[in-house]
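What follows is a single structure, written as structure tokens, with notes after it.
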Amino acid sequence: TPKKVIVRLSDFKSNEYANLIGGKLYEPEEENPMLGFRGASRYISENFRDCFELECRALKRVREEMGLTNVEIMVPFVRTLGEASQVIDLLAANGLKRGENGLRIIMMCELPSNAILAEEFLEYFDGFSIGSNDLTQLTLGLDRDSGVIAHLFDERNPAVKKLLSNAIQACNKAGKYIGICGQGPSDHPDLARWLMDQGIESVSLNPDSVLETWFFLAEAQAPV
């Protein structure tokens, strides 16, 4: 049986689209694209509908015509429960109905609102993949690309860990998938261990930190 493959839907920001050939003709100028027209907000917008439908057609082809039903979908940057409902309906309208032919739809948990209302968001999705980079930035209110305050960026901050714990517990309680993608576990083996103790199902790692982290976690689990 092929292993599960989670495909994240597009999450380019307006400045990134604008840098493509012809992009400036279609993109809004935003002071802060990180918090702007991106993720689920784009998918449900009439202005982006054709592009989103093309993306859906590609995924439908992979699952139906190519028979790769191990492919699952991940939806990034879902700000509200209303957006969650709309994007699930839109996917279904484009032939990607949650539960049909075993299709699981995962949500990126990368906003404080996602972790605070984790149980409510899970009514629409089959689990979370925590985006720790954005979650940390938005919880601590800082731009990690700013050299002036970058030193404050730390996924191990108590406020961030409280949100991480909330998301993990909600998924485990509901019996749904919970993983994490982001730099944190690669940079901080102690965070990877804490996540494991919390009951996380999968952790993404940079290639150069995989073995070191594996051994560290195996040692942590070994009987004394």
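Values in this text are rule-based calculations from the coordinates and carry no lab data. All values derive from a computational prediction rather than experimental measurement. Positions of Cβ are generated from backbone atoms using ideal geometry, with glycine treated the same way; all protein chains shown enter the neighbour counts.
A simple rule links phi to the HN-Hα coupling: the Karplus curve 6.51 cos²θ - 1.76 cosθ + 1.60 with θ = phi - 60°, which for the stretch 198-211 gives 6, x, 6, 8, 8, 10, 8, 9, 5, x, 6, 10, 4, 4 Hz, with x for Gly and Pro.
Ordering L217, G182, L68 by Cα displacement along the dipole of the chain toward the positive end leaves L68 in first place; charges were set at the Cβ atoms of Lys, Arg (+1) and Asp, Glu (-1). Neighbours of R57, meaning other residues whose beta-carbon lies under 13 angstrom from its beta-carbon, give a summed charge of -1 when Lys and Arg score +1 and Asp and Glu score -1.
Ordering L163, L54 from the fewest to the most neighbouring beta carbons within 10 Å gives L54, L163. Distance from the Cα centre of the stretch 162-224 to that of the stretch 1-66, in angstrom? Centre-to-centre (Cα) distance: 29 Å.
Sorted largest first, the principal axis extents computed over the alpha-carbon atoms of the stretch 35-106 equal 36, 22, 19 Å.
Cross-link reach is defined here as a Cα-Cα straight distance under 20 Å, omitting same-chain residues fewer than 8 places apart; for K24 the aspartates and glutamates meeting it are D11, E16, E46, D50. Per-residue Cβ neighbour counts within 10 Å put H151, H188 in the sequence H151, H188, beginning with the fewest. Taking a ≥ b ≥ c as the square roots of the eigenvalues of the Cα gyration tensor, the stretch 134-224 is oblate, since a/c reaches 1.5 or more and a/b is not larger than b/c. Estimated from helices alone, the mean residue ellipticity of the chain at 222 nm is -12000 deg cm²/dmol (sum of -39500 (n - 2.57) over DSSP H runs with n ≥ 4, per residue). Once backbone amide H atoms are built at 1.01 Å from N, I180 has I130, S202, V203, S204 as its partners under 5 Å, excluding neighbours fewer than 5 places away on the same chain. Largest first and in whole Å, the equivalent-ellipsoid semi-axes of the chain read 29, 23, 16, each the square root of five times a Cα gyration tensor eigenvalue.
Given R0 = 45 Å, the distance between the Cβ atoms of A220 and K24 translates into a calculated FRET efficiency of 0.35. With 25 Å as the limit, the listed pairs K3/K162; K4/K176; K4/K60; K97/K176; K60/K162 have K3/K162; K60/K162 beyond it between alpha carbons. Here the label points at T1 and E31, each 7 Å from Cα along the C-beta direction, are separated by 5.2 nm in the simple model.
Gain on full extension, evaluated as 0.36 nm per residue between R57 and I149 minus their Cα-Cα distance, stands at 28.9 nm. Annotation: amide H-H contacts under 5 Å for R8 (H modelled 1.01 Å from N, sequence separation of 5 or more, or interchain): M74. For the chain, a Gaussian network of Cα nodes joined below 10 Å ranks E31, E201, E120 by mean-square fluctuation, and the top entry is E31.
Computed from the alpha carbon positions, the gyration tensor of the stretch 46-177 leads to an equivalent ellipsoid with semi-axes of 30, 18, 13 Å, biggest first. Highest GNM mean-square fluctuation among R42, R79, R61, for the chain modelled with Cα contacts below 10 Å: R61.
When S14, S85 are sorted by how many other C-beta atoms sit within 10 angstrom of their C-beta, beginning with the fewest, the order is S85, S14.
Each residue of the stretch 57-73 was assigned a 3J(HN,Hα) from its phi angle through the Karplus curve 6.51 cos²θ - 1.76 cosθ + 1.60 (θ = phi - 60°); the sequence is 4, 5, 5, 5, 5, 4, 6, 8, 6, 8, x, 8, 6, 6, 7, 10, 10 Hz, with glycine and proline shown as x.
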